[in-house]
1. Let me have the relative contact order for the stretch 8-72, percent, based on Cα pairs under 8 Å that are six or more residues apart.
2. Quick one: grab Rg to one decimal and Dmax as a whole number for the stretch 124-166, Cα atoms only, in Å.
3. Give the calculated FRET efficiency between residue 76 and residue 19 to the nearest 0.05, with a Förster radius of 25 Å applied to their Cβ-Cβ distance.
4. Over the chain, what relative contact order in percent results from Cα pairs under 8 Å that are six or more residues apart?
5. How big is D, in µm² s⁻¹, for the stretch 1-49 by Stokes-Einstein at 20 °C and 1.002 mPa s if Rh is the Kirkwood radius over C-alpha pairs?
6. By how many nm would the segment from residue 38 to residue 124 grow when fully extended, if each residue of separation counts as 0.36 nm and the alpha-carbon distance is taken off?
7. Distance in nm between label sites at residue 59 and residue 88, each 7 Å beyond Cα in the beta-carbon direction?
8. Note the full-extension length gain between residue 108 and residue 49 as 0.36 nm times their separation in residues minus their Cα-Cα distance, in nm to one decimal.
């Protein structure tokens with residue numbers, strides 16, 4: 001199947017990559033905190049790397065933003081934007097509710113894998129509405145990690161490895177969206 005990626009789509013992907021790099025950095029920062037505590041050097045390294053990756057994605061956005069701004073949103077794009085917002089708000093509401101339920105039943109140690117599961121699930125409808133199949137892979141990877149690591153890691157759901165993997169998955173997904181080889185408007189998938 002050959003499709004052409006428009007410059008406005010590349011701008012949208014770069015915006016998404018900025019968020020994925022940021023959230024990936026948060027997961028990796030939490031991983032560092034879990035394994036090294038308030039190790040300033042390690043936390044600064046994660047923060048600087050995250051900042052560099054977000055800056056790289058912003059540069060990709062700037063390269064294509066004029067096309068995005070010049071494009072009048074179609075009815076389909078308006079619908080996709082509305083669904084995107086609904087899915088994201090639903091994700092945060094679900095995280096809030098699950099966190100409170102787990103806390104109230106004494107299972108708060110399962111909160112991190114539940115967050116990963118919810119985030120992974122939210123990528124599945126986003127892949128469809130954004131017409132970006134890479135999100136299926138991202139979502140599936142997060143779901144597998146969320147389910148598997150508590151079962152195989154020595155510390156169960158409290159293991160830091162889940163945070164490490166979630167952060168790396170989000171960064172890999174963001175890189176896929178903004179790498180120069182994927183940014184040519186002539187590129188076909």
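1. The normalised contact order for the stretch 8-72 reaches 60 percent.
2. 12.6, 38
3. E between residue 76 and residue 19, to the nearest 0.05, is 0.70.
4. Values: 225 pairs, mean separation 67.9, N = 189.
Worked out over the chain, it gives 36 percent.
5. Numbers: Rh = 12.7 Å.
Result for D is 169 µm²/s.
6. Numbers: separation 86, 0.36 × 86 = 30.96 nm, distance 3.46 nm.
That pair, residue 38 and residue 124, stretches by 27.5 nm at full extension.
7. Label at residue 59, label at residue 88, 2.5 nm between them.
8. Values: separation 59, 0.36 × 59 = 21.24 nm, distance 3.00 nm.
Stretched out fully, the residue 108 to residue 49 stretch lengthens by 18.2 nm.
Coordinate-derived values only; no laboratory data. All values reported here derive from a predicted model rather than from experimental measurement. We place every Cβ from the backbone using ideal geometry, glycine too, and count neighbours over all the protein chains shown.
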